[in-house]
Amino acid sequence: MEQTVMQTVADTSFRLSDWQGGHESLKQEHSYWLEAIEGKIPTDLQGTLFRNGPGLLDVNGQRLHHPFDGDGMVCAFTFDQGRVYFRNRFVRTEGFVAEQQAGTILYRGVFGTAKPGGWLANALDLRIKNIANTNVIYWGGKLLALWEGGQPHRLDPTTLETLGIESLDGLLQSGDPFSAHPIVDPGGEDHPPRLVNFSIQPGLSTQLKLYEFDLSGTLLQSQTHSIPGFAFIHDFALTPNYYLLFQNPVTLNPIPYVLGLCTPGQALRFNAYAPTHIWVISRQGDQPIRKLQTEACFVFHHANAQERDGKIWVDSICYESFPTLDAQQDYRTIDFNQIPAGQLWRYELDLQTATATRRCLSPRSIEFPTVHPDHVGRPYRFVYLGAADQHQGNAPLQAILKLDLETGHSDCWSAAPQGFVSEPIFVPKEEGAAQADAEDQGWLLVLVYNAAQHRSELVVLDAAQVSQGPVACLPLRHHIPYGLHGSFSQDIFL
Ligand code: CO
């Protein structure tokens with residue numbers, strides 16, 4: 001065991017014990033002005049950064065078996081004239097409230113957590129706990145905490161108080177899924193931005209729904225399709241004319257799950273010999289739904305998609321197989337060398353020949369891609385990602401990588417050895433808006449876990465000069481457990 005840990009340190013310039021600190025619960029809820037800011041907060045950075053992620057990695061000392069099972073905790077960083085106000089609140093989901101009152105785990109987690117008491121205590125309990133922990137977005141006057149297996153929770157954007165389960169004006173019924181990866185389509189000169197999202201209801205065949213909302217949150221259009229087989233689809237991609245969804249070759253064996261022997265996440269099996277299906281769906285609904293095939297892989301996140309020369313390009317983070325965690329494994333002692341790394345691939349879809357080809361754009365271990373919001377679904381040049389510090393092998397995300405997809409050039413800032421990064425959020429600069437070639441004129445907001453002090457800090461990078469390092473570093477008084485996704489709103493919620 002000792003030898004394994006030493007090897008990991010030598011290969012990846014991080015200590016496992018440092019990384020583990022970011023997987024501790026944060027039980028307190030805070031509200032305060034950030035002080036001791038290093039550097040200078042850009043004056044054009046005005047608005048609120050919302051982030052979501054598992055805030056509790058244990059219930060009253062009972063450790064969760066998988067971090068994705070943790071209760072959602074939303075953080076807000078409000079930027080106003082060079083000052084920043086911080087607030088964090090747990091989403092008061094039905095399950096969170098019940099478990100906190102009971103002081104014990106009452107629900108089985110989707111990814112890895114069992115109730116105490118062995119398989120008998122878990123058998124036949126198929127209740128799903130909506131943990132509201134994956135993303136948070138402000139749209140149509142509503143702040144929504146999102147989790148793909150259930151309805152959104154609506155929060156007060158200023159206090160982060162939970163207002164309740166959200167039906168989106170009656171669109172969603174009790175328990176209906178709604179993906180945690182909505183896409184803001186930037187629109188164009190004659191059409192305003194839209195929020196586009198999907199949902200999947202898995203079964204022997206999978207029911208897929210697609211929704212488009214206007215700026216006020218009113219539903220403009222929706223589609224429903226049934227696609228053959230089981231599907232686990234976490235994210236999707238979009239162009240002006242198409243929705244693109246990857247159905248990776250995983251199947252669910254429900255028997256051990258129903259018997260209480262494992263969770264749904266542990267019952268997923270990856271088939272390396274089956275193709276990945278790429279579903280191409282017309283947004284106008286004026287063409288039949290198309291299915292293309294490509295090699296087996298697993299995709300959680302897409303970076304972007306675009307229509308180019310009569311073809312469709314989709315850039316995605318691919319894993320060789322579905323990264324599973326066995327019931328006996330402790331995620332905190334995982335050997336990164338034993339699990340597949342995410343890498344950036346470009347898929348070229350040719351609808352004329354119904355073929356898909358792919359090539360690797362970057363072999364580095366990366367996740368959490370983001371692009372300039374005006375280039376979503378459009379031709380683009382730069383992608384920003386969380387990345388391993390080293391160029392090879394799998395490791396926790398410690399660096400922010402900017403890739404120039406035209407020249408192949410990359411630009412990188414690393415927080416290693418004791419810093420661990422999260423998803424970068426791109427906020428366009430005010431002055432960049434008027435420039436013709438303004439794609440990297442923006443700020444990258446990155447929450448970094450600093451193991452040296454067991455606290456987190458919000459880092460502001462200049463997207464045009466990532467390797468120059470932070471223009472501002474905003475230390476918190478405490479740590480924030482590793483989060484998932486977030487978004488920036490121009491609104492100043494104070
Ligand atoms: Co995600």
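Taking the range 154-171 as the range and being part of a loop (DSSP other than H, G, I, E, B) and surrounded by fewer than 19 Cβ atoms within 10 Å (Cβ to Cβ) as the test, the residues that pass are Asp156, Thr158, Thr159, Glu161, Ser167, Asp169, Gly170, Leu171.
Considering each of Val448, Val460, Val376, Val421 in turn, give the residue that is open to solvent by 20 Å² or more (accessible area, probe 1.4 Å) and not charged (D, E, K, R). Walk me through it before giving the result.
Details: Val448 fails: open to solvent by 20 Å² or more (accessible area, probe 1.4 Å); Val460 fails: open to solvent by 20 Å² or more (accessible area, probe 1.4 Å); Val421 fails: open to solvent by 20 Å² or more (accessible area, probe 1.4 Å).
Criteria check complete, one pass: Val376.
Filter the range 70-89 down to residues that are within 15 Å of Leu56 (Cβ to Cβ) and open to solvent by less than 10 Å² (accessible area, probe 1.4 Å), then give me how many there are.
First, the residues of the range 70-89 that are within 15 Å of Leu56 (Cβ to Cβ): 70-75, 88-89.
Keeping just the survivors that are open to solvent by less than 10 Å² (accessible area, probe 1.4 Å) gives 70-75, 88.
Residues that pass the stated criteria total 7.
Got a number for residues in the range 60-84 being closer than 24 Å to His153 by Cβ, more than 23 Å from the chain's Cα centre (by Cα) and in a strand (DSSP E or B)? Number satisfying all stated conditions: 1. Take the conditions of a type outside the set (S, T, N, Q) and over 30 Å from Leu64 (Cα atoms) and apply them to Asp330. Does it pass? When the stated conditions are applied, Asp330 does not pass them.
Taken together, Phe232, Phe246 contain a single residue that is modelled with pLDDT of 95 or more, within 16 Å of the ligand (Cβ to nearest atom) and aromatic (Phe, Trp, Tyr), which is Phe246.
Among residues that are in a strand (DSSP E or B), touching a Lys or Arg at 6+ places or on another chain (Cβ under 9 Å) and more than 16 Å from the ligand (Cβ to nearest atom), Ser226 is not included.
Condition check ((1) farther than 28 Å from Gln247 by Cα; (2) open to solvent by 20 Å² or more (accessible area, probe 1.4 Å); (3) in contact with a Cys (Cβ under 6 Å, 6 or more places away or on another chain)) across all residues:
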{"residue": "Ala132", "(1), (2), (3)": "no, no, no"}
{"residue": "Ala145", "(1), (2), (3)": "no, no, no"}
{"residue": "Pro152", "(1), (2), (3)": "no, no, no"}
{"residue": "Pro177", "(1), (2), (3)": "no, no, no"}
{"residue": "Ile183", "(1), (2), (3)": "no, yes, no"}
{"residue": "Gly188", "(1), (2), (3)": "yes, yes, no"}
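For residues in the range 201-220 being assigned to a strand (DSSP E or B) and without any contact (Cβ under 8 Å) to a residue 60 or more places away in the chain, which is surrounded by the fewest Cβ atoms within 10 Å (Cβ to Cβ)? Across the range 201-220, the extreme among qualifying residues is Leu220.
The residue list Phe322, Phe336, Phe368 contains one member that is within 16 Å of the ligand (Cβ to nearest atom) and at pLDDT below 95, which is Phe322. For the range 337-353, the set of residues classified as closer than 17 Å to Leu403 by Cα and among the small types (Gly, Ala, Ser) consists of Gly342 only.
The values are calculated or read from the model by the stated rules, or taken from the named source; none is laboratory data. Quick caveat: nothing in here was measured; it's all calculated off a predicted structure. Glycine gets a Cβ as well: all are built from the backbone with ideal geometry, and neighbour counts include every protein chain shown. Heavy atoms of the whole protein, side chains included, go into the accessibility calculation; ligands, DNA and RNA do not. Shrake-Rupley method; radii C 1.70, N 1.55, O 1.52, S 1.80 Å.
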